[in-house]
2 protein chains.
Amino acid sequence: MAQSEHRLPVELFLDLDRSGPVPLYYQIASRLEQAILDQTLPAGARLENEVALAARLGLSRPTIRRAIQDLVDKGLLVRRRGIGTQVVHGKVTRNVELTSLYEDLERSGQKPETRVLSVEVVPADEAAVEALGVDPGSPVLHVQRLRSADGVPLAILDNVLPEQFTDLDREALEKHGLYQLLRARGVTMRVAKQRIGARAASAREAELLDLSRGAPVLTMARTAFDNSGVAVEFGQHCYRPDRYSFEVTLVDR
Amino acid sequence: MAQSEHRLPVELFLDLDRSGPVPLYYQIASRLEQAILDQTLPAGARLENEVALAARLGLSRPTIRRAIQDLVDKGLLVRRRGIGTQVVHGKVTRNVELTSLYEDLERSGQKPETRVLSVEVVPADEAAVEALGVDPGSPVLHVQRLRSADGVPLAILDNVLPEQFTDLDREALEKHGLYQLLRARGVTMRVAKQRIGARAASAREAELLDLSRGAPVLTMARTAFDNSGVAVEFGQHCYRPDRYSFEVTLVDR
DNA sequence: GACCCTCTACTGTCAGAACAACCGGACAAC
DNA sequence: GTTGTCCGGTTGTTCTGACAGTAGAGGGTC
């Protein structure tokens with residue numbers, strides 16, 4: 001059986017908004033992604049070639065290419081020179097993105113709750129200096145939280161933030177995710193570097209997470225940077241492994 | 001202190017090979033990356049603007065943009081419209097890429113060793129069908145290996161491969177990494193979907209990894225797809241967490 | 001001094017075009 | 001039969017050119 005040439009319905013691309021603020025390539029990418037998600041474009045299907053697509057939609061090839069490239073980077077499409085562009089087999093997985101656990105839970109329909117274990121301004125220790133690039137001894141905010149979902153303890157979140165955020169208070173932290181609070185202050189996270197590992201839970205961690213002593217926990221250390229490249233957050237989290245794991249998609253560029 | 005305008009030495013870009021097979025944007029990106037790694041471009045430094053760079057190097061702006069974009073995707077640079085492009089603070093970390101553990105170890109100067117625990121052709125079980133998209137009961141290769149580095153056991157690798165690879169033999173698997181063997185057959189991995197978690201080691205795992213019973217292990221389940229979007233490998237690995245962890249860089253596009 | 005406006009400097013988006021590299025198959029040559 | 005060669009189709013690379021959107025700095029007014 002030959003790979004069926006897949007003819008994309010024109011209707012999918014009919015309502016492009018050329019005057020609005022949403023870039024054309026983004027509109028195309030979104031529609032394509034939706035088509036892949038709901039199997040309108042099944043796994044293995046071949047896309048129409050770039051020049052034809054561009055002509056049919058009345059767009060330039062760079063615009064089409066940009067849209068396709070975004071989906072390639074997401075791991076949804078694969079390109080081969082001389083061959084064409086195809087939909088990747090395998091289920092689509094929701095990836096780790098530059099979001100907080102709080103938002104992840106909300107989006108997946110669970111009800112996140114936060115218990116603030118401690119929040120205090122302390123002089124930066126060596127780890128904070130290293131991760132945040134602040135001066136040794138300068139005031140930083142140290143926050144420890146217990147995050148639950150649907151009433152079940154899920155993770156212990158230990159975060160350090162630089163001086164500009166030392167006025168964040170307990171109440172705000174109980175009600176909202178950390179990233180929400182940062183964004184509300186005009187901070188936009190752009191890059192995060194994470195290290196994911198595992199170890200045995202300490203006695204305190206075991207108690208908080210409702211695990212037996214020495215049980216495995218999944219750990220993640222992260223430093224996040226804003227759009228000017230400056231570190232805005234450093235965190236060490238530990239998760240109940242039976243309730244949480246990380247999904248990552250790798251793409252060879 | 002104002003952000004110093006950083007003047008990039010022209011010498012860095014003098015030996016561009018315009019006729020060779022290496023794309024210009026790639027040559028630019030490599031040189032820039034090197035400059036960031038060896039602190040020629042220190043953290044926080046502002047790059048010259050795109051148009052000026054293009055003019056100075058005798059290239060077009062799209063070429064420069066492509067080079068910069070690659071480094072943004074790697075988490076090395078940050079762009080802000082109206083402002084410019086800056087080097088991200090924080091140490092550069094070698095990321096998980098589309099490579100096997102074997103190559104990771106080799107590259108970091110350690111000596112990887114492989115002990116093949118079992119290798120056999122079996123009918124595909126449900127998990128294999130699900131992950132690889134093969135027909136139920138079709139023959140697949142099931143490989144179990146113990147990977148050590150510098151004589152210390154590091155991970156247990158459990159992999160399943162589709163029918164076309166059922167002739168891989170024990171000797172080859174002892175001597176080379178799995179991905180090396182696949183590439184040698186003309187397979188090029190392009191996309192991989194991974195799930196990273198943690199759990200307690202089974203009795204057998206503990207013995208193989210030289211851990212105490214019930215000790216935490218770091219787990220990774222991966223499905224890899226080739227350049228036509230077809231699954232070529234499915235693996236479930238477990239690592240000694242004191243010897244291995246994953247590094248991931250996230251970038252907001 | 002505080003506020004608003006404009007101006008400047010940058011990145012973001014898009015068009016249109018040309019040629020290179022590559023794949024697969026068909027066909028010719030050996 | 002095997003190997004080499006060509007050809008059509010497709011993505012990859014690169015260029016030129018233009019305009020839009022955003023942030024910061026500076027100047028003006030109140």
How many partner chain Cβ atoms sit within 10 Å of a residue's Cβ in peptide B:184-192, on average, as a whole number? 4
Could you work out, residue by residue across A:65-74, how many beta carbons of other chains sit within 10 Å of that residue's beta carbon, and then give the average as an integer? 1
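When the helix-only estimate is applied to the protein assembly as shown (DSSP H runs of n ≥ 4, each -39,500 (n - 2.57), divided by the residue count), what is the mean residue ellipticity at 222 nm, nearest 500 deg cm²/dmol?
Calculated at 222 nm, the ellipticity per residue is -7500 deg cm²/dmol.
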Return a whole-number percent for the relative contact order of segment B:22-146, with Cα pairs under 8 Å and 6 or more residues apart as the contact set. 19 percent
Computed about the Cα centre, the charge dipole of the protein assembly as shown from +1 Lys/Arg and -1 Asp/Glu charges at the Cβ has a magnitude in debye, to the nearest 20, of 1120 debye
Please give me the summed charge of the neighbours of B:Thr63: other residues whose Cβ is under 12 Å from its Cβ, Lys and Arg +1, Asp and Glu -1. +2
Magnitude of the charge dipole, chain A, Cβ model with Lys/Arg +1 and Asp/Glu -1, debye to 20: 1120 debye
Simple label model, 7 Å out from Cα along Cβ direction - A:Arg80 to B:Arg204, nm: 3.7 nm
Mean Cα-pair separation over length for segment B:10-87, i.e. relative contact order, pairs under 8 Å, 6 or more apart, %: 33 percent
Please give the average number of partner chain Cβ atoms lying within 10 Å of the Cβ of each residue in B:241-247, rounded to a whole number. 5
Projected onto the charge dipole of segment A:10-87 (+1 at Lys/Arg Cβ, -1 at Asp/Glu Cβ, origin at the Cα centre), which of A:Leu24, A:Leu77, A:Thr40 gives the Cα projection farthest towards the positive end? A:Leu77
Given the C-alpha atoms of the protein assembly as shown, compute the convex hull and give its volume per residue in Å³. 185 Å³
In nm, give the distance between the simple-model label positions of A:Asp242 and B:Thr93, each being 7 Å from the Cα along the Cα-to-Cβ direction. 2.8 nm
Compute the relative contact order of chain A as a whole-number percentage, counting only Cα pairs closer than 8 Å that sit 6 or more residues apart in sequence. 15 percent
Can you give the net charge of the other residues whose Cβ lies under 10 Å from the Cβ of A:Leu211, counting K and R as +1 and D and E as -1? -2
What order do you get for B:Lys193, A:Lys74 when you list them from fewest to most C-beta neighbours inside 10 Å? A:Lys74, B:Lys193
With charges set only on the Cβ (+1 for Lys and Arg, -1 for Asp and Glu), what does the dipole of segment B:10-87 come to about its Cα centre, in debye to the nearest 20? 420 debye
How big is the gap, in Å, between the Cα center of segment A:74-124 and the Cα center of segment A:211-253? 11 Å
Quick one: net charge of A:Gln194's neighbours, Cβ under 10 Å, K/R +1, D/E -1? +2
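Taken together, the values in this text are just the output of simple stated rules run on the coordinates, not laboratory data. What you are looking at is a predicted structure, and each value in this text was computed from that prediction instead of being measured. We place every Cβ from the backbone using ideal geometry, glycine too, and count neighbours over all the protein chains shown.
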